[in-house]
Amino acid sequence: MKYIILIIVLFPSFLYGQSLSSERVSNLKAATVRVIVEGGISVGSGFFITETGLLVTCLHVAAPAVLNKKKIYVEFNNGDTTEVVFPGILNSDTSYVKAVNAFDFCLLSIKSGTRKTAFLKLGDFNNVREGDEIYTCGYPLGMTHQFISKGILSSKYLNNKIRIELFGKGFDMARQEALLDITLNRGNSGGAIVKIGSSANDDEVIGIADFAVNPLGSYADSIINSVNDPGFQYRMNVVQDSTGKIISETNLNTSLLKMAEAHKSTSIGISGCVAINHLKAILVKYGVK
């Protein structure tokens, strides 16, 4: 009887500790934005780190805009949209350029006007332990609604095989990463990975959502490359009735591409983040507040 009473007392407390409070969800959603390239293409997620509108996302999220010389916009959770730009003072600095390429992050800021933004507190990757609970918010798979995910940090490690090519030279760099037991899909990149603290006020960003582990990814890439090769055979599936009249035609190459893209962008529940410490080092170096 004594043991039964103990379970009754402790069980509600356990449940409470495992749940995301409405305050946590509200804070994270308010600080998280959808990153959109000119033309309305949703490319990823981002989050504010200051109330004056300084924003963080992944470099690979912003890259399509840079390569195609397109404007970048962010959409808030209330539907408002505003243009953002790269802080010019940093973009011409060699150290910053090396860092964003190696650590896959970039800073953006609201282009014009003054807007007080909700923001997230940056923590220390060194203080998060394997098994700690984490949560995130983003816009996976082109969704226009925010999606909250919760899981645990599974493994921390140093990736010392980062190789970047810049200014006609090669650089070997190392970055801190973590594998996460949380579902992240294409579009989640650039979102904040937040460690759950003892209260909502103690929650801190310890990483930036960056990649998903997919065993079919490399196979899907080979299919995509093959189909896109000019020498790949063009194939159609033609359905005819009894008189020989064509009822329908399906471009099998297009179907194959769509299937490969779907496999490539779908998570199996293992994903990863890059330590927030790399970003913090840049902020400290340049006195960004």
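The values are calculated or read from the model by the stated rules, or taken from the named source; none is laboratory data. Source: prediction; values computed, not measured. Counting neighbours? That spans all protein chains shown, and the Cβs are built from the backbone with ideal geometry, glycine included. Ligands, DNA and RNA are excluded from the accessible area calculation, which covers all protein heavy atoms including side chains. Shrake-Rupley method; radii C 1.70, N 1.55, O 1.52, S 1.80 Å.
What to note about this one:
- Of the peptides 38-45, 157-164, the order by per-residue mean of other Cβ atoms within 10 Å, starting with the highest, comes out as 38-45, 157-164.
- Both radii come from the Cα set of segment 108-190: Rg as radius of gyration, Rh as Kirkwood radius; their ratio Rg/Rh reads 1.04.
- Here each label is just a point 7 Å from Cα along the line to Cβ, and for Thr94 and Thr52 those points are 2.9 nm apart.
- Checked against a 18 Å cut-off, the cross-linked pairs Lys69/Lys116; Lys98/Lys161; Lys121/Lys156; Lys71/Lys169 give Cα-Cα distances beyond that limit for Lys69/Lys116; Lys121/Lys156; Lys71/Lys169.
- Solvent-accessible area per residue in segment 123-165 equals 55 Å², computed with a 1.4 angstrom probe and all protein chains kept.
- Length gained on full extension, Asn160 to Lys121, computed as 0.36 nm times the residue gap minus the Cα-Cα distance: 11.3 nm.
- Taking only Cα atoms of segment 58-198, radius of gyration then Dmax in Å: 16.6, 48
- Here the gap between Val25 and Ile152, fully extended at 0.36 nm per residue and compared with their Cα-Cα distance, gives a gain of 44.0 nm.
- Volume per residue of the C-alpha convex hull in segment 114-156, rounded to whole Å³: 122 Å³
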